[in-house]
Every structure is written in C-alpha cells, then in structure tokens.
1. Could you tell me what percent of the accessible area of the range 85-129 is made up of carbon and sulfur, with a 1.4 Å probe and every protein chain present?
2. Sorted by accessible area with a 1.4 angstrom probe, largest first, how do Arg174, Arg121 fall?
3. Between Lys175 and Asp163, how many nm apart are label points set 7 Å from Cα along the C-beta direction?
4. If DNA, RNA and ligands are ignored and the probe is 1.4 Å, what is the ranking of His107, His125 by accessible area, most exposed first?
5. Roughly how much of Ser2 is accessible, in Å² to the nearest 10, using a 1.4 Å probe?
6. Which loop GluC sites (Glu not before Pro) in the range 67-136, with loop taken from DSSP, have no more than 13 other Cβ atoms within 10 angstrom of their Cβ?
7. Hey, if we sort Arg102, Arg187, Arg134 by accessible area with the 1.4 Å probe, largest down, what's the order?
8. Taking 7 Å along the Cα-to-C-beta vector as the label spot, tell me the Lys124-Lys144 distance in nanometres, rounded to one decimal.
Amino acid sequence: MSTIPVSDIPCVSLLYKLDRLKPAESSTYTPSSTYNDKIALLRNDITKLEVDSIVNAANNSLLGGGGVDGAIHRAAGPELYDECELLDGCVTGSAKITKGYRLPAKHVIHAVGPVYQSTKRQGKHTSLLQGCYRTSLELAVDNKLKSIAFSALSTGVYGYPSDEAAETAIGEVRKFLDSGKGDSLERIVFCNFTEKDEKAYFDMIPKFFPPDQTVEKKDEESPAPTSEDLAAQLPDPPTKNPSEEGQPDAKKLKSLKES
Ligand code: ADP
C-alpha cells in the first residue's frame with residue numbers, strides 16, 4: 001500500500017492557484033495566506049496518510065465498528081484495539097487519543113460524532129459536532145503534533161448531511177485558528193472519501209478561507225509553475241466506495257442503541 005506524505009496533500013492556496021477552488025461570491029472572513037497554506041484537502045483513504053494524527057469517526061465504545069473506524073482498526077492492527085480497551089469509551093462530542101501502531105499516522109484521535117436524527121431533535125447536533133473538531137484540535141496541540149487529518153465525522157452511517165457537516169467542521173477549525181490556539185499546527189487536513197463530501201468541502205472552504213489576493217498578485221510577478229506542474233502533485237482519489245470495504249451496518253445498529 002502506497003502512503004501519502006503530508007507534503008503531498010494539496011493546501012487551499014495551491015487549490016486556488018490550480019483553479020480547483022473557486023472564490024465564494026461573498027465571505028465575511030479575513031483572507032489569510034497563513035491559514036490557506038495550513039488547511040489542506042484531499043479525497044483519499046485516511047489510513048494512507050503520513051501525518052502526526054488522523055481523526056477516526058468512532059462510536060461511544062471506542063471498540064471498533066464499520067466505515068472509517070473499521071478501516072483504521074484493520075490497518076493499525078490489534079494493538080490499537082488493546083489500547084482502546086483501556087480508554088473506558090468516550091462521550092459523544094468529545095475525543096480521545098491513542099498511538100497509530102501499524103498506520104503511517106503516528107496517532108489516532110478517536111472522535112465520537114453525533115447521530116444526526118436523534119441529536120437534531122434535541123437541538124444538540126451542531127454543538128456536539130463542533131465539540132468533536134475542537135477537542136481533536138486541542139488533543140493535537142496538547143500532544144505537540146504538527147499535523148492532523150480529519151475524516152468527515154458523522155456523515156456516514158450517523159447520517160449527518162454532508163453540506164451541514166462541512167460547514168460546522170470548517171467553521172470550527174476557522175474559530176480555533178482565529179483564537180490563536182492552533183498556531184503550532186502546520187497542517188490541518190480534511191480527508192474525504194466520497195464525492196458528495198468532497199463537493200461539500202469544495203463549496204464551503206472558500207466561505208471560511210477566502211483566497212488572499214495580495215499573495216496571488218505577488219505570485220503573478222514571478223514565473224509561476226504551470227497548472228500541469230501543480231496538478232501532477234495531487235494524489236489520486238480513491239476508486240472504491242468505502243461501503244465495499246467496511247461494515248457500516250454493524251456500527252449503525254450499535255450506535256443507535258447507544259444514543
Ligand atoms: P459515522 O458513523 O461517524 O458517520 P462512518 O465511518 O460511517 O462514520 O463515516 C464517516 C465518514 O468516513 C464518511 O464520510 C465515509 O465516507 C468516510 N470514510 C469511510 N472510509 C474511509 C476511509 N478509509 N478513509 C477516509 N474516509 C472514510
């Protein structure tokens with residue numbers, strides 16, 4: 001299995017240069033080239049990423065399930081399950097950290113996202129999903145990690161609509177960076193697996209991370225690499241649907257009982 005180094009994951013600045021990301025019609029956020037160099041986006045299997053931490057969409061037991069959770073446990077090996085057994089589960093809206101074992105990622109942050117339907121009825125879905133992203137970022141900073149890659153928490157069997165989840169996820173990351181707490185993080189990656197999630201992120205990123213026109217102007221004065229040069233740097237998206245590999249139904253049954 002070929003792995004993907006963090007330096008090969010395209011950042012938002014590069015995606016604007018390639019014209020893969022289009023500026024939003026309006027954005028209330030201040031453009032920042034520092035942020036746009038830090039935020040990265042790709043569609044791929046998260047278990048291939050050579051990053052300091054990947055964020056797993058876990059369930060309350062932290063003892064494995066289908067979807068991305070199953071893929072991470074399979075790739076990390078049984079030692080991950082053994083460490084998870086010692087953690088005493090995790091409440092929804094929070095996260096716990098373990099080592100990455102046989103994964104190319106050094107650590108796994110296990111975040112428990114909300115089941116959309118039941119938590120929406122209680123009006124708690126947004127704050128619980130925000131809690132997952134905030135806690136994961138705090139764990140990365142507290143453990144002196146430089147890079148973190150998020151899977152699209154709750155958008156699989158937990159049923160969170162992709163566009164709403166992307167807005168909450170990206171908004172919470174922007175809030176964290178604006179607070180100054182994320183200064184030590186060098187890369188924050190949104191790793192999608194499905195086309196619908198990828199599209200939601202491409203639509204939503206420009207709203208929270210608009211292009212920094214001053215940097216683009218400066219770049220135009222020096223000979224710029226061609227789009228082909230830049231595009232050659234992008235890793236290939238996955239060709240298989242995740243449901244072909246995981247057992248999401250198993251997780252669904254478990255999680256619906258838990259929530
Ligand atoms: P949840 O129960 O929180 O919805 P799932 O694992 O069902 O968790 O799905 C979360 C997201 O993870 C979904 O968007 C799904 O497409 C994605 N996913 C599944 N497998 C992988 C993988 N190997 N790498 C990255 N993302 C994945």
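1. The computed percentage sits at 49.
2. Greatest to least solvent exposure: Arg121, Arg174.
3. Result for the modelled spin labels: 2.2 nm.
4. Largest accessible area first, the list is His107, His125.
5. Number for this one is 80 Å².
6. Taking the range 67-136 and a limit of 13 other Cβ atoms within 10 Å, no loop GluC sites (Glu not before Pro) are found.
7. The ordering from most to least exposed comes out as Arg102, Arg134, Arg187.
8. 3.6
The values are calculated or read from the model by the stated rules, or taken from the named source; none is laboratory data. Predicted model only: the values in this text are computed from it and were never measured. As a convention, Cβ positions derive from the backbone with ideal geometry for all residues, glycine included, and neighbour counts pool all protein chains shown. Surface accessibility is based on the protein's heavy atoms, side chains included, excluding ligands, DNA and RNA. Shrake-Rupley method; radii C 1.70, N 1.55, O 1.52, S 1.80 Å.
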